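Scroll down for the structure; my scribbles are underneath it.
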Amino acid sequence: MKLLTARDEREALRLYKRYPEALPLAGGTDLMVGWNTGRLNGKTILDLSRLKDWARIRETPMGVWIGALATHTAIRVHPAVKSRFPLLAESSETIGGRQIQNQGTLGGNIANASPAGDTFPALAVYEAKIHTVSDAGRRVVPFSEIFAGVKQTTLQKGELIEGVELTTPSTEPCRQGFRKVGTRAAQAISKTVFAGLLWLNKDRTVDDIRLALGSVATSVRRLEHIETSLTGQKLDPKAITRALNLLSRDIHPIDDIRSTRDYRMLVSRNLITSFLNAR
Amino acid sequence: MQVKINNKNRSFNGTPFKRLIDVLREDFGLTGTKEGCSEGECGACTVLLDGKPVNSCLISICQVEGAAIETVESLGLPEKLHPLQESFLREGGAQCGICTPGMLMTAAAYLKAGGDPSPDAIREELAGNLCRCTGYQHIINSVAKALSENKK
Ligand SMILES: Cc1cc2nc3c(=O)[nH]c(=O)nc-3n(C[C@H](O)[C@H](O)[C@H](O)COP(=O)(O)OP(=O)(O)OC[C@H]3O[C@@H](n4cnc5c(N)ncnc54)[C@H](O)[C@@H]3O)c2cc1C
Ligand code: FES
Ligand code: FES
């Protein structure tokens, strides 16, 4: 095992360019599990823990900036995140136990690209922008384009996640909902995780709607067919049933060690229904 | 490299990717911190990093340069126990004891923050600490007791 320690951003990018095979180390709550089982033997590690600026969360005129190294704890207690992006604060609160929240970072959660990443549905409905940086320059990647598959991102060689930009929607949603379903309330990998935003017109027709589910496909899914079906409709049982019939076009859950396809379909249906029927 | 452990400045010159739990136990003789699962699930290895509970089995020493670490050894002495140690003794919060140092450290941070003494809030706070002996109720009672005495 070879350890590269970056004292600042410039050095991190230089080192990463020189050693593109290195694994960046943020909080280590994913990486160190691999280390403990011997999977990282012989690998090169790029320690980012000195990049203190990357742990900042700040309010911007348009929304909130969350540095890649901000921990789940910092996110879940941050006043601007709580008031403007409550679904992200709630999802950070459900990640692992306090120990994992205190050490795990948002950048690490995204880069790890697990199908069960609990922040992803919230990031999907807020249409987060992922800011990346490499020795060659900066890029802004829409959250919907950051994943390439299970445990795979579209980050390029030598590229790090620098932070996440959240933009406050131009009108405030009249409903926001987050639910995580797992084997127990905390410290459990989710079977299904949901986030939703809803804007209703005065006549109770749907002005806009954004729904996302995690753990039901290779990566998080926006429910585009359901969203389209509901937009402009009155939110009545008929419209909801019609929309839910499109669920299998939006998600593709699998049978695995934690759950079955049928169970995940049913839970997903119930989560969407209870969000749409909430008052 | 320098790191503050239980309020003493310590220097460490070993391999920079050594896990914090191993540095504490092997290099500094602080064997109060226990290892259960080695994968972040059980919380037996919980220590405080700048006042916050973390799993010392998932942290390498290079990540904590300049930081302050507190282990269970910092809590109390046999002749002068910490309020949580008192309440764990009185309420039967410990059986085999493997989970206890981690429980105490998570609870100590909660106590210091003036946490909510309701059983639900305590359960949520301790969700990252597993116990295979007590069935949790005695642990929750112990923490609730220390919290309510703290408020008085
Ligand atoms: C017991 C336990 C419970 C958990 N529970 C949950 C849960 O409920 N929900 C959930 O979503 N996750 C959970 N996790 C997974 C993990 O804690 C989170 O994904 C966490 O956010 C990872 O962040 P980190 O900083 O610790 O990542 P690290 O382990 O440091 O890194 C993870 C990966 O991302 C890469 N990386 C890190 N930072 C960057 C960056 N800035 N740019 C590019 N690449 C980077 C690393 O190279 C590595 O491949 C759990 C883990 C454990 C051990
Ligand atoms: S030994 Fe560290 S969490 Fe179990
Ligand atoms: S007392 Fe034995 S594991 Fe908790």
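Selection of segment B:59-86 for residues being on the phi > 0 side of the Ramachandran plot and away from every other protein chain (no Cβ under 14 Å) yields an empty set.
No other residue among A:I100, A:I66, A:I57, A:I75 is surrounded by fewer than 24 Cβ atoms within 10 Å (Cβ to Cβ) and aliphatic (A, V, I, L, M) apart from A:I57. Evaluation of B:I69 against the conditions (1) part of a strand (DSSP E or B); (2) of a type in the set (A, V, I, L, M); (3) open to solvent by 50 Å² or more (accessible area, probe 1.4 Å) shows that the sole unmet condition is (3). Just need a number here: residues in segment B:72-90 that are over 12 Å from B:I5 (Cβ atoms), open to solvent by 50 Å² or more (accessible area, probe 1.4 Å) and in contact (Cβ under 8 Å) with a residue 24 or more places away in the chain. So the count comes out to 3.
If you check A:G137, A:G158, A:G163 for being surrounded by fewer than 18 Cβ atoms within 10 Å (Cβ to Cβ) and farther than 27 Å from A:N277 by Cα, only one passes: A:G137. Against the conditions (1) surrounded by fewer than 20 Cβ atoms within 10 Å (Cβ to Cβ); (2) within 14 Å of ligand 1 (Cβ to nearest atom), A:R18 satisfies every one except (2).
Exactly one residue among B:R19, B:R10 is touching a strand residue (DSSP E or B) at 6+ places or on another chain (Cβ under 8 Å), away from ligand 2 (no atom under 14 Å from the Cβ) and either touching a residue at least 60 places away in the same chain (Cβ under 8 Å) or not assigned by TED's automatic domain parsing to the domain that holds B:L104 (or both), and that residue is B:R10.
Here A:L31 passes the criteria (1) hydrophobic (A, V, I, L, M, F, W, C); (2) within 16 Å of ligand 2 (Cβ to nearest atom); (3) open to solvent by less than 20 Å² (accessible area, probe 1.4 Å) except the one numbered (3). Can you tell me how many residues within segment B:31-42 are buried (at least 21 other Cβ atoms within 10 Å of the Cβ) and away from ligand 3 (no atom under 16 Å from the Cβ)? Within segment B:31-42, residues that are buried (at least 21 other Cβ atoms within 10 Å of the Cβ) and away from ligand 3 (no atom under 16 Å from the Cβ) number 1.
Answer with yes or no whether A:A80 is in contact (Cβ under 8 Å) with a residue 12 or more places away in the chain and surrounded by fewer than 24 Cβ atoms within 10 Å (Cβ to Cβ).
yes
Look at A:I45 and say whether it is in contact with a helix residue (DSSP H, G or I) (Cβ under 6 Å, 6 or more places away or on another chain) and modelled with pLDDT of 95 or more. For A:I45, the condition - in contact with a helix residue (DSSP H, G or I) (Cβ under 6 Å, 6 or more places away or on another chain) and modelled with pLDDT of 95 or more - is not met. In the set A:G196, A:G117, A:G182, only one residue is within 14 Å of chain B (Cβ to nearest Cβ) and either surrounded by 19 or more Cβ atoms within 10 Å (Cβ to Cβ) or out of contact with any Pro (no Cβ under 6 Å at 6 or more places or on another chain) (or both); that residue is A:G182.
Residues considered: A:L40, A:L25. Of these, the only one that is modelled with pLDDT of 95 or more and at negative phi is A:L25.
On inspection, A:T192 does not qualify as out of contact with any strand residue (DSSP E or B) (no Cβ under 6 Å at 6 or more places or on another chain) and away from ligand 3 (no atom under 16 Å from the Cβ).
You will find that of B:S38, B:S60, B:S74, B:S56, the residue that is within 14 Å of the chain's Cα centre (by Cα) and within 16 Å of ligand 1 (Cβ to nearest atom) is B:S56 and no other. Can you give me the number of residues within segment B:138-152 that are free of Cβ contacts under 8 Å to residues at least 40 places away in the same chain, open to solvent by 60 Å² or more (accessible area, probe 1.4 Å) and in contact with a Gly (Cβ under 9 Å, 6 or more places away or on another chain)? Residues in segment B:138-152 being free of Cβ contacts under 8 Å to residues at least 40 places away in the same chain, open to solvent by 60 Å² or more (accessible area, probe 1.4 Å) and in contact with a Gly (Cβ under 9 Å, 6 or more places away or on another chain): 1 in total.
State whether one or more residues within segment B:43-52 are within 16 Å of ligand 3 (Cβ to nearest atom), surrounded by fewer than 23 Cβ atoms within 10 Å (Cβ to Cβ) and within 22 Å of B:S142 (Cα to Cα).
No, segment B:43-52 has no match at all.
Checked against (1) closer than 22 Å to B:G51 by Cα; (2) crowded, with 19+ Cβ neighbours inside 10 Å, B:A94 passes all but condition (1). Being within 16 Å of ligand 2 (Cβ to nearest atom), open to solvent by 10 Å² or more (accessible area, probe 1.4 Å) and more than 18 Å from A:F178 (Cβ to Cβ) is a property that A:L3 lacks. Which of the residues that make up segment A:39-54 are more than 10 Å from chain B (Cβ to nearest Cβ) and open to solvent by 30 Å² or more (accessible area, probe 1.4 Å)? Selection gives A:R39, A:N41, A:G42, A:K43, A:K52, A:D53. Kindly evaluate B:R25 against the criterion of being away from chain A (no Cβ under 14 Å) and within 23 Å of A:L31 (Cα to Cα). The answer is yes for B:R25.
Inspect segment A:30-38 for any residue being more than 9 Å from chain B (Cβ to nearest Cβ), over 21 Å from B:V64 (Cα atoms) and away from ligand 3 (no atom under 16 Å from the Cβ) and give the result as yes or no. Yes - at least one qualifying residue is present in segment A:30-38.
The values are calculated or read from the model by the stated rules, or taken from the named source; none is laboratory data. Since the model is a prediction, treat every value here as computed from it, not as a measurement. For neighbour counting, all protein chains shown are included, and Cβ atoms are generated from backbone atoms with ideal geometry for every residue, glycine included. Ligands, DNA and RNA are excluded from the accessible area calculation, which covers all protein heavy atoms including side chains. Shrake-Rupley method; radii C 1.70, N 1.55, O 1.52, S 1.80 Å.
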